[in-house]
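The structure appears below as structure tokens.
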């Protein structure tokens, strides 16, 4: 009887072990077999609502939801120049359900703002997808008495220290852009950092700020409404959406250049197969003509680079940031 019981016990134990092993294998390969995603995905946005990063996130959320069949929720965590959103994703499980949406400036400035963190945007996140690249515009309030870039530069020089501009935080593209323009033209301007461009836009439209640099998506409604004037667009060609707005070179500041790209990132320990799955789904989403049109309408140019190309962008632009700090174009004061 004892021998029979032991035999049965051993068989039962073997069956249990085999079942556990199969469960573990199934769990580890769930994402590869289509079990991911089986609950809502969250896109954690590095700004408050209202700016281009937020608009891009909502476009991506719609497309990703269509491709995965689950809800994709946009959650804004603006503040600390994007660090609040970034830190949240870095502390989340590496399961692909919490993804960061951020502009290049939010990522690239963190190592300079918090040197003790040792943060490296090329290795401390898993790049998933880059959605688009958006050239910046220089815009002024409707009550600023200028008609073009040349008259604005003359006005700025005649009013040193009286020109205020806003940004989404220290070291973000709107900050660097106007700082660079001022350095090139000899104007003295005052920077006012905010938690996101949405907040800066409120003060800009209220007349408390005189100039802003941003991509088209943030200011398009106000351009159409006549509340702001566009002086120049960065890049070598005019925007199709604003054919009458001159390029920087045409406006008399050929060395001014600024562009923002918007990336989607996962926790650095996210399995490579899961990153590829997300990249594939986002690529399909951004092939949709309706999605492409939405990006075009906010002044974006589709890029859709994969993870490897995104890492190379980050590394190349980090070198540029180092140089901008050396030249005094970026300061953290």
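The values are calculated or read from the model by the stated rules, or taken from the named source; none is laboratory data. Here the structure is a predicted model, which is why all the values come from computation and not from measurement. Cβ atoms come from the backbone with ideal geometry, glycine included; neighbour counts cover every protein chain shown.
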Say whether the condition of being at pLDDT 85 or above and exposed (fewer than 13 other Cβ atoms within 10 Å of the Cβ) is met by at least one residue in region 23-35.
yes
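Tell me yes or no: at least one residue of region 98-105 is part of a helix (DSSP H, G or I), touching a helix residue (DSSP H, G or I) at 6+ places or on another chain (Cβ under 8 Å), at pLDDT below 95 and assigned by TED's automatic domain parsing to the domain that holds residue 297.
As a first pass, look at region 98-105 and keep what is part of a helix (DSSP H, G or I): 104-105.
Now narrow it down to the ones that are touching a helix residue (DSSP H, G or I) at 6+ places or on another chain (Cβ under 8 Å): 104-105.
Checking the rest, the ones that are also at pLDDT below 95 come to 104-105.
Pick out the ones that are also assigned by TED's automatic domain parsing to the domain that holds residue 297 and you get 104-105.
Checked against the condition, which is being part of a helix (DSSP H, G or I), touching a helix residue (DSSP H, G or I) at 6+ places or on another chain (Cβ under 8 Å), at pLDDT below 95 and assigned by TED's automatic domain parsing to the domain that holds residue 297, region 98-105 yields at least one hit.
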May I ask you to list the residues in region 110-145 that are free of Cβ contacts under 8 Å to residues at least 40 places away in the same chain and either more than 21 Å from residue 264 (Cβ to Cβ) or in a strand (DSSP E or B) (or both)?
114, 115, 116, 117, 118, 145
Would you confirm whether or not region 241-257 contains a residue that is more than 30 Å from residue 278 (Cβ to Cβ), touching a residue at least 40 places away in the same chain (Cβ under 8 Å) and out of contact with any helix residue (DSSP H, G or I) (no Cβ under 9 Å at 6 or more places or on another chain)?
no
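Out of 329, 303, 228, which single residue is in contact with a helix residue (DSSP H, G or I) (Cβ under 9 Å, 6 or more places away or on another chain) and either free of Cβ contacts under 8 Å to residues at least 24 places away in the same chain or buried (at least 20 other Cβ atoms within 10 Å of the Cβ) (or both)?
None of the others qualify; the one that does is 228.
Is it fair to say residue 276 is free of Cβ contacts under 8 Å to residues at least 40 places away in the same chain, surrounded by 15 or more Cβ atoms within 10 Å (Cβ to Cβ) and either in the same structural domain as residue 80 (by TED's automatic domain parsing) or assigned to a loop (DSSP other than H, G, I, E, B) (or both)? Spell out the reasoning first.
Numbers: free of Cβ contacts under 8 Å to residues at least 40 places away in the same chain: yes; surrounded by 15 or more Cβ atoms within 10 Å (Cβ to Cβ): yes; either in the same structural domain as residue 80 (by TED's automatic domain parsing) or assigned to a loop (DSSP other than H, G, I, E, B) (or both): yes.
Judged against the criteria, residue 276 is a match.
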Can you find, within region 55-86, the residue that is modelled with the lowest pLDDT among those that are over 19 Å from residue 129 (Cα atoms), out of contact with any helix residue (DSSP H, G or I) (no Cβ under 7 Å at 6 or more places or on another chain) and part of a helix (DSSP H, G or I)?
80
I'm trying to understand the selection: among the residues of region 290-332, which are part of a loop (DSSP other than H, G, I, E, B) and either closer than 23 Å to residue 266 by Cα or touching a strand residue (DSSP E or B) at 6+ places or on another chain (Cβ under 9 Å) (or both)?
298, 299, 300, 303, 304, 305, 306, 331
Within the group 123, 81, 53, which residue is over 25 Å from residue 297 (Cα atoms), crowded, with 16+ Cβ neighbours inside 10 Å and under 21 Å from the mean Cα position of the chain (by Cα)?
81
